[in-house]
Amino acid sequence: MPGATIVHEPTLFKVQSNPYKVSGTIPDFLITRPDGRRIFVEITISPNNGDGELKKRQKKIIEQLAPDAKYVVLSRENLLAIQKRHPEAQFFP
């Protein structure tokens, strides 16, 4: 995406649900588009590797603390499909 900036592990999002428990997440990447829109990207090994509930909690935290941003989870399969459509994006050899 021309003109976009990409930052690795940009922000820690923390939520204190009660005095004894703090939940948080650090997305893998933040893409900021030229128009200012922000997309937080999480990369996971597989879409069905048992962390679906964790990703839902992470999405809820980010939506609560950054309501203007989008949160996207990409699996290896997603990255391979992108690489197939865009050979210049070499995620895997």
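Observations on the structure shown:
- Flag if Val15 is out of contact with any Cys (no Cβ under 8 Å at 6 or more places or on another chain) and touching a residue at least 40 places away in the same chain (Cβ under 8 Å): yes
- Look at region 19-38: where a residue is within 18 Å of Leu54 (Cβ to Cβ) and a partner is of a type in the set (D, E, K, R) and assigned to a strand (DSSP E or B), sitting 6+ places away or on another chain with Cβ atoms under 9 Å, you get Val22/Lys14; Ser23/Lys14; Gly24/Lys14; Thr25/Lys14; Thr25/Glu42; Pro27/Glu42; Asp28/Glu42; Phe29/Glu42.
- Flag set for Gly3, criterion: in a loop (DSSP other than H, G, I, E, B), at pLDDT 75 or above and loosely packed, with under 10 Cβ neighbours inside 10 Å.
- Of the candidates Ser23, Ser17, the single residue that is surrounded by fewer than 10 Cβ atoms within 10 Å (Cβ to Cβ), of a type in the set (Gly, Ala, Ser) and assigned to a strand (DSSP E or B) is Ser17.
- Residues of region 59-93 classified as touching a helix residue (DSSP H, G or I) at 6+ places or on another chain (Cβ under 6 Å) and hydroxyl-bearing (Ser, Thr, Tyr), total: 1
- Test for Pro87: is it over 17 Å from Thr5 (Cβ atoms), at pLDDT 85 or above, in a loop (DSSP other than H, G, I, E, B) and not β-branched (Val, Ile, Thr): no
The values are calculated or read from the model by the stated rules, or taken from the named source; none is laboratory data. Keep in mind that what you see is a predicted model, and the values were worked out from it rather than measured. Neighbour counts are summed over all protein chains in view; Cβ atoms, including those assigned to glycine, are modelled from backbone coordinates with ideal geometry.
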